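Asker: I am attaching a structure below and will ask some questions about it afterwards.
The values are calculated or read from the model by the stated rules, or taken from the named source; none is laboratory data. Fair warning: this is a prediction, and the values are worked out from it, not measured in the lab. Don't worry about glycine lacking a Cβ; one is built from the backbone with ideal geometry, like all the others, and counts go over all protein chains shown.
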Amino acid sequence: MAKKTDLKKHTKEELQKLLDTKREALRALRFSVAGSKNRNVKESATLRKEVARAMTALNALK
């Protein structure tokens, strides 16, 4: 995931696409973890933070 300064360089469409992919990855992670042990326990927290960063950058452009 890009840092906050790197997100400022993206266009509105790129940020929306990034947001959609991160949300889908988070959804897939939640359903895949439901019945098994997760190897990377910080992955869901990282994805949630990346979604929040993308949303913040997107809202800053509006």
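Asker: Residue by residue through the range 28-45, note down the ones that are at pLDDT 80 or above and surrounded by 14 or more Cβ atoms within 10 Å (Cβ to Cβ).
Answerer: LEU29, GLU43, SER44
This table checks each residue for (1) modelled with pLDDT of 90 or more; (2) surrounded by 13 or more Cβ atoms within 10 Å (Cβ to Cβ); (3) among the hydrophobic types (A, V, I, L, M, F, W, C).
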| position | (1), (2), (3) |
| --- | --- |
| ASP20 | yes, no, no |
| ARG23 | yes, yes, no |
| LEU26 | yes, yes, yes |
| MET55 | yes, yes, yes |
